[in-house]
Amino acid sequence: MASAERAGPAPADAREIIGRVPSLAGAPRVIAELPGGLTNRNYKVTTPAGTFVARIWTAAGDLLAIDRDHEYENSVRAAAAGVGAPVVEYRPQDQILVLRFLAGRTLRNEDVRAAGNLPRIAAAVRRLHRAQRFVNDFDMFEIQRRYRAVARSAGVTVPGGYDGLAPAFEAARAALAVRAEGTVPCNNDLLAANFIDDGDRIALIDYEYAGNNDACFELGNIAAECGLPAAGLADLVTAYYGRPRRSRIARAELFGLVARYGWTLWGVIQHATSPLDFDFWSWAMEKFEAAAAGFAGPDLPRLLSDVQEGD
C-alpha cells in the first residue's frame, strides 16, 4: 500500500537476519535500506554474486490479510510470466524473501499519468494477467468485511460516515456481479512505486496483496493509487482491451471507488497498530474522502448502469 520515504544503512537486526541467508552470504557485502514498505523493510544487498532485494517482514501483516506463503508463490509465478523480479530464496523462519534486484527507474505518479506510459503499463498488466493462476483469490468486498471486523473488534476509530456508505458499496457489488468475466492473476497494489521502468519494459513488483481478481479492479486501483484523471483511466482501460469499452471503463472506475473504500480500513488499522512514523490517518482520510465523493456523487447511478450493459 502506501510507501514511506525511508532510505539509508541497514539497522543491526536486519544485518543479522541477512547474514543468515545463504544467497546473501557473499563477501564483500554492501547493504542499504530502500525507501518504501510499510509492512516490511526492503534492503538492497550487493555481493559478488549479484544484487538482490531482501524483504524482511513483521507479524503485523496478519491483521491486513497478508499471507507470506502466498506472496512467495505468486512472486514466483509473476517472475515466470516475465513481469516480476526473479525469486532467489524464501526463508519464512527468518521472515525474509530474497529477489533479484531489477535495474530501472521507479515511477512516480506523474510518470504513470504520462500518456506515453499508459500503453506500456497496460502491456505489463496484460502480461501479468496471462500468468499461471495465483494460489489464492483477492476480493476487496471480502477483504473490506474482514478489515471492518478487525477494526470493530480492536476498537479502531473509522472516519465519520464510513458505515453510512455501506449501501452504496453493496450496490456496487451487485452491479459488478452482473457482467463479471472471471478472474485473472492480479497484483492488486500497483501504486506508482511498484512500477520499475528499464527503458524497454515496465516490471511490476511487490506481491503482498496478489491474488486472482477482476482485471478491472487492477485497472481501477492503478487509477486510484496514481491519481489518474477520468480521461487517463479511460486511456488505460482502452489500451488494456485494445479498443474503447464503455462498460469496462465504468467497471474500472467503480472498482476504483470500491478499492478506496476498502483501503481506508487498511489505513485506520495501520494508524492504530503500526509502530512506524507515518501518517496513516491522513492517508486513510484521503482514500475515504475520494470514496465518499464517488459513492455519494451524481455519477454513481450511471456507473451502476453502465457496468451492467454490454459493449
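The values are calculated or read from the model by the stated rules, or taken from the named source; none is laboratory data. Bear in mind that the values here come from a model prediction, so they are computed numbers and not experimental data. Please note: Cβ atoms are built from the backbone with ideal geometry, for glycine as well, and neighbour counts cover all protein chains shown.
Details
- Residue in segment 295-310 that is among the basic types (Lys, Arg), under 18 Å from residue 190 (Cβ atoms) and not in a loop (DSSP other than H, G, I, E, B) present: no
- Count of residues meeting criterion [at negative phi and either free of Cβ contacts under 8 Å to residues at least 12 places away in the same chain or small (Gly, Ala, Ser) (or both)] in segment 97-122: 6
- Residues that are within 26 Å of residue 75 (Cα to Cα) and surrounded by fewer than 23 Cβ atoms within 10 Å (Cβ to Cβ), drawn from segment 228-239: 239
- So residue 220, is it under 14 Å from the mean Cα position of the chain (by Cα), in contact (Cβ under 8 Å) with a residue 24 or more places away in the chain, assigned by TED's automatic domain parsing to the domain that holds residue 142 and under 22 Å from residue 107 (Cβ atoms): yes
- Condition met for residue 196 (outside the structural domain of residue 84 (by TED's automatic domain parsing), out of contact with any Gly (no Cβ under 6 Å at 6 or more places or on another chain), closer than 19 Å to residue 123 by Cβ and surrounded by fewer than 24 Cβ atoms within 10 Å (Cβ to Cβ)): no
- Of all residues making up segment 293-311, the number that are over 16 Å from residue 227 (Cα atoms) and either within 18 Å of the chain's Cα centre (by Cα) or of a type outside the set (D, E, K, R) (or both): 12
- Test: residue in segment 237-255 that is within 15 Å of residue 109 (Cβ to Cβ) and not in a loop (DSSP other than H, G, I, E, B): no
- Only one of the numbered conditions (1) of a type in the set (A, V, I, L, M); (2) farther than 17 Å from residue 218 by Cβ; (3) not in a loop (DSSP other than H, G, I, E, B) is not met by residue 85, and that is (3).
- If you go through segment 88-118 and keep only what is surrounded by 15 or more Cβ atoms within 10 Å (Cβ to Cβ) and in a helix (DSSP H, G or I), you end up with 94, 111, 112, 113, 117, 118.
- Residue-level analysis places residue 242 among those that are free of Cβ contacts under 8 Å to residues at least 12 places away in the same chain and among the small types (Gly, Ala, Ser).
- Taken over segment 42-59, the criterion of being hydrophobic (A, V, I, L, M, F, W, C) and buried (at least 16 other Cβ atoms within 10 Å of the Cβ) is satisfied by 45, 52, 53, 54, 56, 57.
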